[in-house]
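Right, one structure below, let's go through it.
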Amino acid sequence: MAMRQTPLTCSGHTRPVVDLAFSGITPHGYFLISACKDGKPMLRQGDTGDWIGTFLGHKGAVWGATLNTDATKAATAAADFTAKVWDAVSGDEILTLAHKHIVKTVTFTQDSSCLLTGGNDKLLRIYDLANHEAAPQEIAGHTSAIKKALWCNNDKQILSAADDKTIRLWDRSSMTEVKTLSFDTSVSSMEYVPEGEILVITYGKTIAFYNAQSLDLIKKVDAPAPINSASLHPEKDFFVAGGEDFKLYKFDYGTKEELESYKGHFGPVHCVRFSPDGELYASGSEDGTLRLWQTAVGKTYGLWKCVLPEDLVAENSEQLYTSPPEIKA
């Protein structure tokens, strides 16, 4: 009998959760940031979901959120036409970067020196955070709003996904387009896995894996419902996906077989990501909650306690002999 998955529910947001991101592993563990339409991104301890703080300052929905590798800085993208950079230790705002339209995506370089942004004005912008008064570098080419932009190839290239149904690969030094992937429908999400240079994208019911440098297709899998987000396990054994039917799906990366599906949310799943150690994955939903799910159900990790089959038997036998069963009408 398969053990029952018991997700941890993280409440606190009052509107749909639309983006989430983990930091790398730091001496203090790892951290999780969530973006929400309530305009109040939240920082949590990654392995337990415990709330640490809320970044206050945006005047509209927050569409994107990220942490730098060591979780000392956070960045957010919002409907108030700004991106903000925050001190993730104190919660103080460091910078506000004004844009001409809604900002959808933010991401730091590995050394946290630059911030990449994208949004409804169709431009990619690169801000030098040490010299933020300087005008950002701008890259034009997309013909519709940019949904997601990511650094790749050791920050030498940029990947961007937009509502023009394309994913584009850009060279950072020449600021030119290297290659374009076109789809029949808009891409709903994009994840970059540096180990192995894998790009994970979702569109319609499809989860597809591409080589991030050549943009050659590696494999694709069709899910039972429209998918909004997918994430590949750090060791590439399996991947998880979530979408419009409120469920989380787990697939074997090698065989593409569906291994499990869980319903825990009360609305569509907008975002899902594995933790940096691969022990859990987090999902964010239209229902306003984040949920943390165990990769290996039944393992002692974070707030989960391992229950061995003999423990269950012992508990049941004690109940049998110490008190009569309680009958509920």
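Tabulated values for the structure
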quantity: Extended-chain gain in nm, criterion 0.36 nm per residue less alpha-carbon gap, Ser113 and Lys220; calculated: 35.1 nm
quantity: Extended-chain gain in nm, criterion 0.36 nm per residue less alpha-carbon gap, Leu259 and Asp155; calculated: 34.0 nm
quantity: Candidates Phe251, Phe239, Phe108, ranked by Gaussian network fluctuation over the chain, Cα under 10 Å, top entry; calculated: Phe251
quantity: Under 11 Å, Cβ to Cβ, from Ser144 - net charge with Lys/Arg +1 and Asp/Glu -1; calculated: 0
quantity: Taking the chain and dividing mean pair separation by its residue count, relative contact order in percent (alpha carbons under 8 Å, at least six apart); calculated: 13 percent
quantity: Rounded FRET efficiency, nearest 0.05, which uses the C-beta distance separating Val297 from Asp171 and R0 of 35 Å; calculated: 0.20
quantity: Within straight-line cross-link reach of Lys236, lysines at Cα separation under 16 Å, skipping those fewer than 8 residues along the same chain; calculated: Lys219, Lys220, Lys250, Lys256
quantity: For the chain, accessible area per residue (1.4 Å probe, heavy atoms of protein chains only), Å²; calculated: 45 Å²
quantity: Degrees separating the helix 309-322 axis from the principal Cα axis of the chain, which is the longest one; calculated: 40 degrees
quantity: Amide H within-cut-off set for Gly64, under 5 Å, with H built and near neighbours excluded; calculated: Ala77
quantity: Under 16 Å from Lys179, Cα to Cα: lysines that are on another chain or at least 8 residues apart; calculated: Lys156, Lys165
quantity: Nearest-10 value in Å² for the accessible area of Leu56, using the 1.4 Å probe; calculated: 120 Å²
quantity: Surface share of carbon and sulfur [accessible, 1.4 angstrom probe, percent] for the chain; calculated: 52 percent
quantity: By average C-beta atoms within 10 angstrom, highest first, the peptides 65-78, 128-141, 225-238; calculated: 65-78, 225-238, 128-141
quantity: Separation in nanometres of the label points that stand 7 Å from Cα toward Cβ, at Asp70 and Ser182; calculated: 4.5 nm
quantity: Dipole magnitude of the chain about its Cα centre (Cβ charges: Lys, Arg +1; Asp, Glu -1), debye to nearest 20; calculated: 800 debye
quantity: Label-point separation, Glu235 to Ser90 (7 Å along Cα→Cβ), nm; calculated: 4.1 nm
quantity: Over 23 Å [Cα-Cα, the stretch 8-319], rounded percent; calculated: 54 percent
quantity: Measure of compaction for the stretch 100-163 (Cα Rg per 2.2 N^0.38 Å); calculated: 1.04
quantity: Other-chain or far-sequence residues with amide H under 5 Å of Ser188's (modelled H); calculated: Thr202, Tyr203, Gly204
quantity: For the stretch 187-199, Karplus couplings with θ = phi - 60° (6.51, -1.76, 1.60), whole Hz, Gly/Pro x; calculated: 6, 8, 7, 8, 10, 10, 10, x, 6, x, 6, 10, 10
quantity: Straight-distance crosslink candidates among lysines, where the alpha carbon sits under 16 Å from Lys59 and sequence neighbours closer than 8 are dropped; calculated: Lys37, Lys40, Lys84, Lys100, Lys104
quantity: Cβ-based net charge around Gly119, under 14 Å, with every Lys or Arg adding one and every Asp or Glu removing one; calculated: +1
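The values are calculated or read from the model by the stated rules, or taken from the named source; none is laboratory data. Here the structure is a predicted model, which means the values were calculated and not measured. All Cβ positions, glycine included, derive from the backbone under ideal geometry; neighbour counts span all protein chains shown. Please note that ligands, DNA and RNA were not included when accessible areas were found on the heavy atoms of the full protein model with its side chains. Shrake-Rupley method; radii C 1.70, N 1.55, O 1.52, S 1.80 Å.
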